[in-house]
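Heads up, the thing below is written out as structure tokens.
The values are calculated or read from the model by the stated rules, or taken from the named source; none is laboratory data. Predicted model, so just to flag it, every value in this text is computed and none were measured. Cβ atoms come from the backbone with ideal geometry, glycine included; neighbour counts cover every protein chain shown.
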Amino acid sequence: MARGSAVLSERTAQFPSSWYAATANPHPRYPELDGSKDCDVVVVGGGYTGLSAALELARHGFRVVLLEAHRVGWGASGRNGGHIATGFNQSPSSIAALVSEGDARRLWAMGEEAKALLRDRVATHGIDCDLRWGYFTAALKPRHLRELAETVEEYRDRYGYSSVRLVEGADTAAVVDCPAYIGGMVDAGAGQLHPLNYALGLAVAAADAGVAIHEMSPVDRLEIGDRPVAVTARGEVRARYAIIAGNAYVRPLTHGAWQTMRSRIMPVGTYMIATEPMAPQQAAGLIPSGVAVADANFVINYYRLSHDHRMLFGGGVNYSGVDRGDHGPLLRRTMLRYFPHLADLAVDFAWGGNVAITRNRLPQFGRLAGNVFFAQGFSGHGVALTGLAGALMAEAITTTAERFDIFARLPHRPFPGGRALRTPSLVLAMLWYRLRDRL
């Protein structure tokens, strides 16, 4: 067990053990649903997507009930790397090959809106979540550097995005002091935050706006009809609209259309460690620019410095669905390949969780019925895009679905092999990509 994994305060005892849980801001508990309620919109899931949708709907005067199976921020919203990325987990040119030129430009603009929305919510609601800007995608080989140079050119020339620049050779050390890197792309418009504190702050903002939040209230069944009904063990919520926002952690709720929706995503395990604190000058020497860092491999490693001078290092993927529990030592060995001089640092926390990916690595928005919306499959770019997803579902309910439907037009195919074969096929595919990264 990691040295700090059992040292959690009473207020965070029902969150998975992590450095995020150990440093969570004081926050309220929300009651379990007990009895029946009527409202305008029922939201299933208390992560970024659900909280953002609920907040926007309440601001427009809608009566909203949010049901969370555990605690708000319990899933990926409270465990992720805290990286705020630009765009999507696909290049703009790849997206343009799937949709019209107009939709490609609208998607880019909404990706930028997602980051601005996050910034505005933190400022408007006074959310203390260590929000900082600056991001570096690191090149380990010449191919990476060529691809990143093409990305810089595409961002600037096609979309007028001037926040990126390429660094090479000796200039790289001023960004991150890692001899393995030969250069990379600096993005001043991307950044980092404390993900759990951001989720907790969104929950407080939503509750203050009038949202009825119920924790420890897993939805066992969602009845679809003119008035959707979300049923829990101790109550039910009847509404005009429903929003499903559980992503990789949502439970089976219905049949038919539900199974089609779930076949388009795959839960994938990813992991993080937090070292013991370093001296401030040692930490500053590792990442002089203070940015968040991810390498350009297909199976990426990503890291950043915490406010208390720890290295927060993440990486690895697990498609098998079986958590072996040894990700802490494995990640530490990976970290030491990049920073061997950190060998004397102990690992205080190790944790993991699931993200949901789609086959094309683009988020899937859609409807199970005319009044039942969902958003899922953010594929590692969810810190900003989930907030946009919640806002667009709220927009579709309150005014117009025009922008939501741009995302809904993105083509998505089911993972091959059905439930029995898709996991083995993905494991084999990842072995290939890991070999390609190494070579």
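Observations
- Any hit, region 82-90, residues being in a loop (DSSP other than H, G, I, E, B) and more than 17 Å from Arg361 (Cα to Cα): yes
- Output for region 100-136, where each listed residue is under 19 Å from Leu362 (Cα atoms) and not charged (D, E, K, R): Ser100, Gly102, Ala104, Leu107, Trp108, Ala109, Met110, Gly111, Ala114
- The single condition among (1) touching a Ser or Thr at 6+ places or on another chain (Cβ under 7 Å); (2) among the acidic types (Asp, Glu); (3) free of Cβ contacts under 8 Å to residues at least 24 places away in the same chain that Glu154 does not meet is (3).
- Flag: Arg304 does not match the condition of being in contact with a Pro (Cβ under 8 Å, 6 or more places away or on another chain) and either of a type in the set (Lys, Arg) or within 17 Å of Asn80 (Cβ to Cβ) (or both).
- Remark: pairs (first residue in region 275-295, closer than 15 Å to Ala85 by Cα; second residue surrounded by 20 or more Cβ atoms within 10 Å (Cβ to Cβ) and among the aromatic types (Phe, Trp, Tyr); Cβ separation under 7 Å; 6+ apart in sequence or on different chains) = Val291/Tyr135; Val291/Phe136; Ala292/Tyr135; Val293/Phe136; Val293/Tyr302; Val293/Tyr303; Ala294/Tyr302.
- Scope region 369-399; condition surrounded by fewer than 24 Cβ atoms within 10 Å (Cβ to Cβ), among the polar types (S, T, N, Q) and over 23 Å from Arg238 (Cα atoms); matching residues: Ser379
- Candidates are the residues of region 26-81 that are in a strand (DSSP E or B) and of a type in the set (Val, Ile, Thr); the one that is surrounded by the most Cβ atoms within 10 Å (Cβ to Cβ) is Val43.
- Of all residues assigned to region 200-218, at least one qualifies as being buried (at least 23 other Cβ atoms within 10 Å of the Cβ), among the polar types (S, T, N, Q) and part of a loop (DSSP other than H, G, I, E, B).
- Under the condition of being in contact (Cβ under 8 Å) with a residue 40 or more places away in the chain and farther than 20 Å from Leu55 by Cα, the residues counted in region 230-249 number 6.
- Candidate set from region 338-357 (those that are modelled with pLDDT of 95 or more and farther than 23 Å from Ala21 by Cα); member that is farthest from the chain's Cα centre (by Cα): Asp344
- Top-ranked residue of region 221-238 - restricted to ones that are at pLDDT 95 or above and part of a loop (DSSP other than H, G, I, E, B), ranked as surrounded by the most Cβ atoms within 10 Å (Cβ to Cβ): Pro228
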